[in-house]
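*Asks:* My questions all concern the structure below.
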Ligand SMILES: Nc1ncnc2c1ncn2[C@@H]1O[C@H](COP(=O)(O)OP(=O)(O)OP(=O)(O)O)[C@@H](O)[C@H]1O
Ligand SMILES: [Mg+2]
């Protein structure tokens, strides 16, 4: 008996839900569309952002500094390298011993062996190659260099300071603008969706109050709206995921070609499958919350 | 007794004159009362108090030994399922069909679909709307709409049936049919209150008369 009653409630819920959708007409799809648009904007932004992060990381870490040591044995050099590695903001400090440096030079210059003859007599110093952590969460390179210079046993430090700083500043600006835009998109989406759903509720206020008068519980009234909102959100979120996938298919190649010119081989990776599913879910949740929120006041009175 | 009002006064927000002033009355189970009085006397107000659409400013309304002021929010829907109401302004949902409007009363209770279908069709034929099941209510005449409103109130076999001018838009022939419906609901055990200022109704049906004048119960 209880279960047959439950089934009846479900049938009624779905029937009422669809009745609302049918009546809502374009309204229904407008909300779905807005949710989709907002989520698409956010996700497209997220994709570019994530890839930019990866790019910045690569460029940032490839641009490090080189410290020439004034030491005369390997132990001492090891110590200095460890001290450098311990500085906050340093990702890696690779010690290159004179022999290895020579080997490298031989490798690079093997076409011109004659030079090496002279090089044999030259005493190469120990060198530490420093690469930095991601630009975003550490102090700029210019702050790092003096710290390295202070360490006993370090001679000269060479770096591409100004270039790197420019890149870092650009990265920072892009990030701030990105964050600002993302928040703006999110806010606009929430406001538009909220208001549209509120209009839907207002247009059915007679229906809601009549349902109450014939003995409907709050849940009975609320659930079709929630279902509707959820379906709307899922349609929106699903479309956003699909749109994102399609635009990656079509636009990524273009962007890749452009960016590769500037930064070397660069691949614009798509968001993961999970992220696409998350988008669908986020849509559903947004629709659900929108409906719940707009109904809250009307079910109280 | 099913219905009792104890010194009920209702003053609407923003108005000085009470719509009901110190009204006390008892209605026994199975009674059929006509509630009458001039326009603005407070008939609709009294009915609204009974199905919890309004709260009294003073006094207490008791239904089935239950003081409405003590009723919890969640209990109000359950109470309303025992009461059928024919609203003076019908309150039909214009874009829903005759069938859908009538079925609403049963749907909110979780009545199985098959049963809803059988009952709704049967009753709509009885009120003379068998050929209008799938018409939207906005396409109906005033009298037809009134019959849908009555069907929606009757469909749940309510313990208490409150009718606010149920024959207001009907010709005498239809009025008579509707009154027969209300009387048969009464015969099946419903307690019925009919608000009306139709003198023929009052003369033709010799029933208990509750008379309101400017919010005061002058005869019961
Ligand atoms: N929502 C309201 N807000 C303020 N005053 C109201 C409201 N509803 C009714 N009134 C006032 O309360 C008084 C009683 O109204 P009510 O509707 O109960 O009268 P009635 O007897 O049903 O009249 P009618 O026969 O015209 O339907 C009237 O003076 C009316 O103006
Ligand atoms: Mg009235």
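*Asks:* Taking every alpha carbon pair in region B:117-204, what does the distance histogram look like in 10 angstrom bins from 0, in percent?
*Replies:* With 10 Å bins starting at 0, P(r) equals 16, 52, 29, 3.
*Asks:* May I ask you to derive the FRET efficiency for residue A:48 and residue A:15 from their Cβ-Cβ distance with R0 = 56 Å, giving the value to the nearest 0.05?
*Replies:* Using R0 = 56 Å, I get an efficiency of 0.80.
*Asks:* Ok, one more. Highest mean first, how do A:223-236, B:139-152, B:13-26 rank when packing is the count of other Cβ atoms within 10 Å averaged over residues?
*Replies:* Packing order, densest peptide first, comes out as A:223-236, B:139-152, B:13-26.
*Asks:* Place a label point 7 angstrom from the Cα of residue A:281 along the Cα-to-Cβ direction, then list the residues of region A:227-259 whose backbone nitrogen is under 17 Å away.
*Replies:* A:230-231, A:233-242, by backbone N distance to the label point.
*Asks:* Taking the Kirkwood radius as the inverse of the mean 1/r across Cα pairs, report the Rg/Rh of the protein assembly as shown.
*Replies:* 1.33
*Asks:* Shifting gears a bit: Any idea what log10 I(q)/I(0) is at q = 0.24 Å⁻¹ for region B:91-157, Debye with uniform C-alpha scatterers and no solvent?
*Replies:* Listed by q, the Debye log ratios stand at -0.98.
*Asks:* Starting with the fewest neighbours, write out A:211, A:158 ranked by other beta-carbon atoms found within 10 Å of each beta-carbon.
*Replies:* In order of increasing Cβ crowding within 10 Å: A:158, A:211.
*Asks:* Could I have the simple spin-label model distance between residue A:247 and residue B:133, label points 7 Å from Cα toward Cβ, reported in nm to one decimal?
*Replies:* Between residue A:247 and residue B:133, the simple spin-label model gives 5.0 nm.
*Asks:* Give me the Kirkwood hydrodynamic radius of region B:126-166, using the inverse of the mean 1/r over all pairs of distinct Cα atoms, in Å to one decimal.
*Replies:* Final number for the Kirkwood radius of region B:126-166 is 11.0 Å.
*Asks:* While we're on this one: If we count other beta carbons within 10 Å of each Cβ, what is the order of A:214, A:70, B:98, fewest first?
*Replies:* The most exposed by this proxy come first: A:70, A:214, B:98.
*Asks:* Right, another one. What area, in nm² and to one decimal, does the C-alpha convex hull of region B:40-144 cast on average over all directions?
*Replies:* Mean shadow area of the hull around the Cα atoms is 8.5 nm².
*Asks:* Counting only Cα atoms, I'd like the Rg/Rh figure for chain B, Kirkwood definition for Rh.
*Replies:* 0.96
*Asks:* Quick one: Cα centre-to-centre distance for region B:146-201 and region A:85-104, in angstrom?
*Replies:* Spelled out, the Cα-based centre of one part sits 97 Å from the other.
*Asks:* How are the alpha carbon pair distances in region B:28-94 distributed across 5 Å bins from zero to the largest one, expressed in percent?
*Replies:* 3, 13, 24, 25, 21, 12, 3, 0
Only the coordinates and a few stated rules stand behind these numbers; no lab work does. Please read all numbers here as calculations on a predicted model, not as lab measurements. For neighbour counting, all protein chains shown are included, and Cβ atoms are generated from backbone atoms with ideal geometry for every residue, glycine included.
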